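Notes for the one structure printed next.
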Amino acid sequence: MCFSPQADVVGGLVVGAIGIDVLRHVGNRRDHLGMALLPVLLAAHQLDEAFVWWGLQGHVAPQVGRIAMWAYLAFAFVVLPIYLPLAVLLLEPPGRRRATILPFVALGVIVAGILFAALLRGPVTAHLAQNHLAYGIGLHARVPIVGAYIVATCGSLIFSRYHHIVIFGAVNLIAIAVLVRLAIDGFASLWCAWAALTSAAIAVQLRFAGADHTVAPALR
């Protein structure tokens, strides 16, 4: 798939429509709300990135593109590493499994704090690259921080009691490893697009699975 503003718009609209349908059917399953809301948030994230593209291409005012860039990076680097493990935590009943997820929430808060400080310190940049947008925030020790980001987000998913959440985490872990190897500067753009698409699959599972889900055999 060749990433472009058009791809962001189409992907955002499709994932958003799926997400809205899921939210309509969450019902009284309040513990599922965090995960059910994820596709809508990621869809809005992709639509926002279209404005980053258009700003760099000169189709919208530079100020609009820059605001969109800041919104995109704030969500990707500050909100998502906290939101994902928290959403998984909400799904888990009290017990050993929930205790297993708590360290990922704590790590997500630490990573988000480091990335937020890097965003404030700057410089924050975005430029057109081959099939993606390359973002830069002047981050020191980039590889360890990216590694901690991956652990916080995908690790929490992999340790969930629900098989479909575990699969979601494992697939995203593999995707991240490939994307980081292909383009470290395009990590935020490429992985968030991939996460949006795969979150739609999770949304469909939540939509049709009802209140009962297949759970992982260990640490129930």
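Can you give me the distance in nm between label points at Asn28 and Leu128, each placed 7 Å from the Cα along the Cα-to-Cβ direction?
With each label placed 7 Å out from Cα toward Cβ, I get 5.4 nm.
Local charge sum around Ser160 (other residues, Cβ-Cβ under 9 Å, Lys/Arg +1, Asp/Glu -1)?
With Lys, Arg at +1 and Asp, Glu at -1, the neighbours total +1.
Quick one: check the C-alpha center-to-center distance for region 86-127 versus region 1-32, whole angstrom.
22 Å
What are the radius of gyration and Dmax of region 5-209, computed over its Cα atoms and given in Å?
When restricted to Cα atoms, region 5-209 yields Rg and Dmax of 16.5, 53 Å.
Could you rank the peptides 12-24, 158-170, 128-140, 54-66 by their average count of other C-beta atoms within 10 Å per residue, with the highest value first?
Output ranking for 12-24, 158-170, 128-140, 54-66: 158-170, 12-24, 128-140, 54-66.
Taken together, the values in this text are just the output of simple stated rules run on the coordinates, not laboratory data. Values in this document were obtained by computation on a predicted structure and should not be read as measured data. Reconstructed Cβ throughout: ideal geometry from the backbone, glycine too, with neighbour counts over all protein chains shown.
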